[in-house]
Amino acid sequence: MHYRMTLDAYAKENDITWEPTAENDKKLEKLVCQEIGDPYSEYYFADPKHYINILDEFVRTGQAPDRAAPWEDEYLEKYLREVMGDPFVAYSVLSDEVKARIFYDNMLAFIKQIITRENFRKTCAQGQTQKMRQAMQWSERKKRDGWSRLLSEISDEYEEFGFDERYYRDKFEGEGELADEETWKNMIEDWSKAFDRKQQQLRQRDIDEIKDNNSNILKQNIKDIPEHLKKKGVEKEMFYQVWGLMGGQWNSLIFDQHLRIAKLQKQYPQLELIAGKMGRLADDDATQRMPVAIGGNMKMEHAAKSDILGVTLSQDIHAMLPLELAQCSDEALYDVFLYKYATNSLQTFRHKSELLKPSRNVAPRPARLQGPMIVCVDRSGSMAGLPEQLVNSLMMRLLLLAERQKRDLYLISFSVNATPIEVRKNRTAVLDFFRQQSVGDTNATKMLQQVFALLASGHYMSADVLWCTDFRIPLSNAAQRKELLNYRRQGTKFYGLKIGQAFDLGWAEYFDEIVEVTT
């Protein structure tokens, strides 16, 4: 049940013991709604994650997940299960990866559309629920002066949803009944119930208005898109990159326009190279300790388990692998050993305790295969044309990587000002980014302020940073450049994608690596 967390918290706070059955859920839910005084809450849609979990399970197994509690009155979930029960849809999803992705994104777009309508409706309904609360607090004089007008207003809006104006008008005609608190309370409760019934009807209407069209479009897309891909010779990877920008809505002309930009990755292999550099690996023991925090106090970290972090190349003969020790001891291989030593290429163990780290925020964190990314994209006028297209092509690849590997990606579009986008939380802003045109001058000051704020925060402190620009950017102030170097010393990687011929304005020394693309 999608109210379970709220109900559990309420039960615990009020010392209520209950079994999570459908009947008990409903009883406790009613208590919660009465407590918070919001009749709208009782029928509000579930968290979007609830529906996404249903989609995930269906794409993985071909079946919708079981649900113990009744869901027939949950209109959105009911529709999802109707679609999943269609044999054509189920076969398509299980038989073809591309068709499964089409289904998933199409249904996700539908869910977002319905949830957006519901959120708007809930905002509009706040005035009505506030009016109910205020009416509950009316004084005796205000009741005498205003009960007739209030009943007429309620009846005009909710008579067809079960509100009986005549019953309460007969009750309130006598002064004594008007003073009866219980009757007044019952009137407001009936008003609330009629309000809920109207909201349920509107909710059902929202879905009914668009579900048939959505189902037809879904089936048509499952048929048409694979045929288009086969005709154009489009590889799956390219399809996923381009389809990710279309918000689940198919348009062959727009798809082909985006496809031409995505194919620039084949013409310019530097794009794939720089994409592969972003992120960092976790430790072998499934924890990671990143030197990510700012602080003057340094400490030496010792592992609670093994002190070995991994294998590296160095001249440290005290940390040699047994293989290198064997070569050192073998007359025939001794020259090989000396050569490796002289060229700093002995295979040696790397220990965690070798590293001096800031004392702030150095605790172990759950490991990810690769870390988060911060990508700063130059949208100034000098990037117009092919440079802008190259950046967009790279972003398509990075977006797909972030999605597949569940990596966080923060996009900062900058010229004079800087526009931040947290990609996984704001897909609409990402789509807007690809529609932007490069105009104006360039200044890195505000962009760097945002980058440093992210690196100092908890969520992006282990991120790698990438600049996509022609580097025709005046150097920022000395304090910012010093801070950038400080983050590099702490382990943050700064990469650059330099597009086109540009004057060297002195940025190279502040980056770990800059990959150049000549246009």
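Among what's in segment 238-282 and is charged (D, E, K, R) and not in a loop (DSSP other than H, G, I, E, B), pick the residue that is farthest from Tyr460 (Cα to Cα).
Taking segment 238-282 and keeping what is charged (D, E, K, R), we get 256, 260, 263, 266, 272, 277, 280.
From what is left, the residues that are not in a loop (DSSP other than H, G, I, E, B) are 256, 260, 266, 272, 277.
Values: Asp256: 35, Arg260: 32, Lys266: 30, Glu272: 23, Lys277: 17 Å.
Restricting to residues being charged (D, E, K, R) and not in a loop (DSSP other than H, G, I, E, B), the top hit is Asp256.
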Restrict the check to segment 198-215 and report whether at least one residue is more than 19 Å from Glu77 (Cα to Cα), of a type in the set (A, V, I, L, M, F, W, C) and out of contact with any strand residue (DSSP E or B) (no Cβ under 7 Å at 6 or more places or on another chain).
-> no
Which one of these does Gln490 not meet: (1) touching a Pro at 6+ places or on another chain (Cβ under 6 Å); (2) closer than 24 Å to Leu401 by Cα?
-> (2)
Residue tally, condition of a type in the set (D, E, K, R) and either surrounded by 13 or more Cβ atoms within 10 Å (Cβ to Cβ) or closer than 21 Å to Ser413 by Cβ (or both), over segment 470-512 = 8
Can you tell me which of Asp208, Asp196, Asp180 is touching a Pro at 6+ places or on another chain (Cβ under 6 Å), at negative phi and of a type outside the set (Ser, Thr, Tyr)?
-> Asp196
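Just wondering, is there one or more residues in segment 111-127 that are of a type in the set (Phe, Trp, Tyr), assigned by TED's automatic domain parsing to the domain that holds Phe195 and either surrounded by 12 or more Cβ atoms within 10 Å (Cβ to Cβ) or more than 19 Å from Asp208 (Cβ to Cβ) (or both)?
Looking for residues that are of a type in the set (Phe, Trp, Tyr), assigned by TED's automatic domain parsing to the domain that holds Phe195 and either surrounded by 12 or more Cβ atoms within 10 Å (Cβ to Cβ) or more than 19 Å from Asp208 (Cβ to Cβ) (or both), one finds none in segment 111-127, hence no.
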Can you run down the residue pairs with Cβ atoms below 9 Å, 6 or more apart or on separate chains, where the first is in segment 263-285 and over 21 Å from Arg407 (Cβ atoms) and of a type in the set (Lys, Arg) and the partner is surrounded by fewer than 18 Cβ atoms within 10 Å (Cβ to Cβ) and modelled with pLDDT of 85 or more?
-> Lys266/Glu272
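Determine, yes or no, whether Lys26 is at pLDDT below 85 and outside any loop (DSSP other than H, G, I, E, B).
yes
Mind checking whether some residue in segment 230-237 is buried (at least 19 other Cβ atoms within 10 Å of the Cβ) and in a helix (DSSP H, G or I)?
First, the residues of segment 230-237 that are buried (at least 19 other Cβ atoms within 10 Å of the Cβ): 234.
Adding the requirement that they be in a helix (DSSP H, G or I) leaves none.
No - not one qualifying residue is present in segment 230-237.
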Within segment 418-458, count every residue that is out of contact with any Gly (no Cβ under 7 Å at 6 or more places or on another chain), in a loop (DSSP other than H, G, I, E, B), of a type in the set (Ser, Thr, Tyr) and more than 19 Å from Asp408 (Cα to Cα).
-> 1
Elements of type helices (runs of 4 or more DSSP H) in segment 317-411, at least 3 residues being modelled with pLDDT of 90 or more | 386-404
What are the residue pairs meeting all of these: first residue in segment 210-221, first residue over 11 Å from Asn106 (Cα atoms), second residue aliphatic (A, V, I, L, M) and in a helix (DSSP H, G or I), Cβ atoms under 9 Å, and 6 or more apart or on different chains?
-> Ile210/Ile114; Lys211/Val83
List, please: which pairs have Cβ atoms under 8 Å, are six or more places apart or on different chains, and start with a residue in segment 45-57 that is in a helix (DSSP H, G or I) and surrounded by 14 or more Cβ atoms within 10 Å (Cβ to Cβ) and end with one that is modelled with pLDDT of 80 or more and aromatic (Phe, Trp, Tyr)?
-> Leu55/Tyr104
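The values are calculated or read from the model by the stated rules, or taken from the named source; none is laboratory data. Predicted model, so just to flag it, every value in this text is computed and none were measured. In this analysis, Cβ positions are derived from the backbone assuming ideal geometry, glycine residues included, and neighbour counts consider all displayed protein chains.
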